[in-house]
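> Pasting a structure below so you can have a look.
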Amino acid sequence: MLKEALKQCGLIAILRGIRPDEVEAVGQALYDAGFRIIEVPLNSPEPFESIRVLRNVLPANCMVGAGTVLSPAQVLQVKDAEGQLIVMPHSDPEVIRAATAAGLASAPGVATVTEAFAALAAGADILKMFPAEQLGPVVVKAWRAVIPASVMLVPVGGITPDSLKEFTAAGASAFGLGSALYKPGMTAEQVRKNADAFVSAWKQT
């Protein structure tokens, strides 16, 4: 389901800092704009409740996941909250394997080719290239020469609508979007405007 959702819209919304009482409106705004994957980082207020809310209100073709997942125990908590995707800042093979065992998709964070292949060997579904502003399109292009074409490379960190085209030309498959899309305190309407700008840029890549 993960790769299918990314083919529909190659943009993952990262709602770091969102609260359960505001997540429904923001999630709906993102879905209406075209997003089909929404991630709630676990260092947000009451993240498991926000994941439950999103899963209850959004259509089945929208994946809801958790970010900043650091341990196998947290993987099980995400599953209990009906999350479907495990996103990590690192590439701990134990967390990747825990996600697979729980029937959840995984997107570990990698910053070197060595980490990338180790994550794939552990069962990663896609590779989160993090931090993207440090790696840049040049590194994406270099990785693309050695990493199988079937593996989705997803830059995360500092991505803006203006940078999508260059990263995509270098071989990026999709993107994770953080503060340029959502910051704590933003209204659903503000998020919708940002989402529309990203979707428009994505369609032009």
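> Expressed as a fraction of 2.2 N^0.38 Å, the rule-of-thumb size for a compact globular protein of N residues, what is the C-alpha radius of gyration of the chain?
Ratio of Rg to 2.2 N^0.38 Å for the chain: 0.93.
> Structure shown: which of Lys128/Lys203; Lys3/Lys165; Lys7/Lys183; Lys79/Lys141 lie over 23 Å apart, alpha-carbon to alpha-carbon?
Long pairs (Cα-Cα over 23 Å): Lys7/Lys183; Lys79/Lys141.
> Only four residue types carry charge here, +1 at the Cβ of Lys and Arg and -1 at the Cβ of Asp and Glu. Report the dipole size of the chain about the Cα centre in Debye, rounded to the nearest 20.
Dipole magnitude for the chain comes out near 480 debye.
> If I compute solvent accessible area with a 1.4 Å probe over the protein chains, what percent of it on the range 152-205 is carbon and sulfur?
For the range 152-205, the apolar C and S fraction of the accessible surface comes to 49 percent.
> Which value in deg cm²/dmol, rounded to the nearest 500, describes the helix-derived mean residue ellipticity at 222 nm for the chain, given -39,500 (n - 2.57) per DSSP H run of n ≥ 4 and division by the residue count?
For the chain, the value works out to -14000 deg cm²/dmol.
> Determine, at each q value in 0.13, 0.17 (inverse angstroms), the log₁₀ of I(q)/I(0) that the Debye formula gives when each Cα of the range 1-62 is one equal point scatterer.
Here log10 of I(q) over I(0) equals -0.30, -0.51.
> Now for a different question. Using a probe radius of 1.4 Å on heavy atoms only, what accessible surface per residue do you get for the range 78-205? Whole Å² is fine.
With the other protein chains kept in place, the range 78-205 gives 44 Å² per residue.
> Which order do the peptides 191-203, 117-129, 27-39 take when ranked by the mean count of other beta-carbon atoms within 10 Å per residue, highest first?
Result, highest mean Cβ count within 10 Å first: 27-39, 117-129, 191-203.
The values are calculated or read from the model by the stated rules, or taken from the named source; none is laboratory data. Not measured: the values here are computed from a predicted model. We place every Cβ from the backbone using ideal geometry, glycine too, and count neighbours over all the protein chains shown. Keep in mind that these areas ignore ligands, DNA and RNA; they rest on the heavy atoms of the full protein, side chains included. Shrake-Rupley method; radii C 1.70, N 1.55, O 1.52, S 1.80 Å.
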